[in-house]
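Before any comments, here is the structure.
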Amino acid sequence: MGRMKNISRLSALSVAVFLAACGDEDKAAKAESPLPLPTGKSGPIENISKEERLKAEDLKPVKDAVDKEIARFDIEVRGAFEEERFAKLDLLARELRDSKALFPDGSWKLDHFYGALNHRSEWTDEAFIADWNRFVKWIDTTPDSKTARIGLASCFLAYARMGRGRGTEEEVTAREKALYLERLGMAYDVLMGAKMLPDPDPCWHEVMAHVAIGQRWSPEKFDELIKEGLDMEPTFWPLTVSRALSLLPTALGKEGDWQAYAEKESHRRGGLGDEGYARIVCRMMFHYADVFRDGHASWPKTRDGLEILRTKYPDAMDFVNYTARMACMGRDRELAQEMFAQMGDQYSTTVWRNPENLVHLRNWAETGKW
């Protein structure tokens, strides 16, 4: 009964904040991360020629079988949420926690489950309010559902990111910062209310880790959170990636912090070793023009981790694409040539957001000239 009263108080507060937030800010703004991208050095792709841009038009963006399987899963989960089939969602989440099921690229189905709950078609105040109402109805229907509360906290976290926008710390307005912190606080309150409920869930720690970045937790408190999550699920790599992101200089760290953490994580007993290191670097690649030159990651260690990933998950073509791109950054022409040959004229939009970069790097692999 006390738990229901707490959720009711939170509900009343939440809707007031949601409605008050419907102001003049850009309602269509979408921020995938609270971390602004560093502006670092330009990489070896700054001299892309006209011919390379034209060749890029002949490339074919593709989704491999793994991406399609994940997309179907996401559609089914989001559909069940919109149809308010809450019992089905609770059962599925419990099955995924118990089985620790992975997709054929090694990503956790449980992690995708929570992501799918938040795959709304629009990022507007109205869309978030509609989802908030669904989550509250779910909680009212199943008061002990930790799944519903983690989903609601993820919703508040996404809404906080939208309120903040993607500007640097200097560019964010006082209103945007206030919205961000208030909504983060809502996510924190929901997570703390869910912590002692049944069904231990590593995604609780992952969502809280992103809250911790925004609330600027101390290193000691943050490390305690990560340790608790990894003690529960030692191979839950989304949590180690989140911790590495928190250590970027644009977040809570300083130069060299995330690199030291990734190295230490690769030696953690029960962890994923070089595979875990490579997964961190794959994510960090998007924060640097050259993650090895500018980010000082280890190419030999990343190369070994990518080899593990390609061997364990042969149907996930993203790892071939990642290897091709990072082999160029690591100045490993032989491996780059091998990966580009496997890719042919197809490429993953996850890895190559600008196909002309692919053409330029492929030319380097063939000629040795930038």
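Things worth noting here:
- The one condition from (1) modelled with pLDDT of 95 or more; (2) under 22 Å from the mean Cα position of the chain (by Cα) that Asp290 does not meet is (1).
- Close contacts from region 83-109, counting a first residue that is on the phi > 0 side of the Ramachandran plot and a second that is among the basic types (Lys, Arg) and buried (at least 16 other Cβ atoms within 10 Å of the Cβ), with Cβ to Cβ under 7 Å and a gap of 6+ residues or different chains, come to Glu84/Arg134.
- If you check Glu263, Glu275 for being part of a helix (DSSP H, G or I) and open to solvent by 40 Å² or more (accessible area, probe 1.4 Å), only one passes: Glu263.
- Qualifying residue in region 190-202 (condition: within 18 Å of Leu248 (Cβ to Cβ), open to solvent by 10 Å² or more (accessible area, probe 1.4 Å) and in a loop (DSSP other than H, G, I, E, B)): no
- Of all residues in region 235-251, those that are open to solvent by less than 50 Å² (accessible area, probe 1.4 Å) and outside any helix (DSSP H, G or I) total 4.
- Failed condition for Ala289, given (1) crowded, with 19+ Cβ neighbours inside 10 Å; (2) in contact with a Lys or Arg (Cβ under 6 Å, 6 or more places away or on another chain); (3) over 23 Å from Thr240 (Cβ atoms): (1)
- For the criterion of being in a loop (DSSP other than H, G, I, E, B) and charged (D, E, K, R), Lys254 passes.
- Of residues in region 128-162 being β-branched (Val, Ile, Thr) and in contact with a Ser or Thr (Cβ under 8 Å, 6 or more places away or on another chain), the one most open to solvent (accessible area, probe 1.4 Å): Val136
- Criterion (of a type in the set (A, V, I, L, M, F, W, C), over 25 Å from Leu239 (Cβ atoms) and open to solvent by less than 50 Å² (accessible area, probe 1.4 Å)) met by exactly one of Phe86, Phe81, Phe103: Phe86
- Checking Ala178, Ala148, Ala160 one by one, the residue that is within 19 Å of Ser242 (Cα to Cα), part of a helix (DSSP H, G or I) and among the hydrophobic types (A, V, I, L, M, F, W, C) is Ala160 and no other.
- Taking region 304-330 as the range and being closer than 18 Å to Leu361 by Cβ and over 22 Å from the mean Cα position of the chain (by Cα) as the test, the residues that pass are Ala327, Cys328, Met329, Gly330.
- Scanning region 163-220 for residues that are at pLDDT 95 or above, out of contact with any Phe, Trp or Tyr (no Cβ under 9 Å at 6 or more places or on another chain) and of a type in the set (Gly, Ala, Ser) gives Gly193, Ser218.
- Count of residues meeting criterion [under 14 Å from Leu245 (Cα atoms) and either open to solvent by less than 10 Å² (accessible area, probe 1.4 Å) or free of Cβ contacts under 8 Å to residues at least 60 places away in the same chain (or both)] in region 203-212: 4
- Filtered residues of region 322-354 (kept if under 19 Å from Lys60 (Cβ atoms), of a type outside the set (A, V, I, L, M) and surrounded by fewer than 20 Cβ atoms within 10 Å (Cβ to Cβ)): Gln342, Gly344, Asp345, Gln346, Thr349, Thr350, Arg353, Asn354
- Restricting attention to region 355-370 and to residues that are open to solvent by less than 30 Å² (accessible area, probe 1.4 Å) and not aliphatic (A, V, I, L, M), the residue that is farthest from the chain's Cα centre (by Cα) turns out to be Trp364.
- Taking every residue in region 345-370 that is under 19 Å from Ala316 (Cα atoms) and pairing it with any residue that is assigned to a helix (DSSP H, G or I) and aromatic (Phe, Trp, Tyr), at least 6 positions away or on another chain, the pairs with Cβ-Cβ distances below 8 Å are Val351/Tyr322.
- Met186 open to solvent by 50 Å² or more (accessible area, probe 1.4 Å), assigned to a helix (DSSP H, G or I) and under 15 Å from Ala148 (Cα atoms): no
The values are calculated or read from the model by the stated rules, or taken from the named source; none is laboratory data. All values derive from a computational prediction rather than experimental measurement. Note: ideal-geometry Cβ built from the backbone for every residue, glycine included; neighbour counts use all protein chains shown. Note: areas computed on protein heavy atoms with side chains; ligands, DNA, RNA excluded. Shrake-Rupley method; radii C 1.70, N 1.55, O 1.52, S 1.80 Å.
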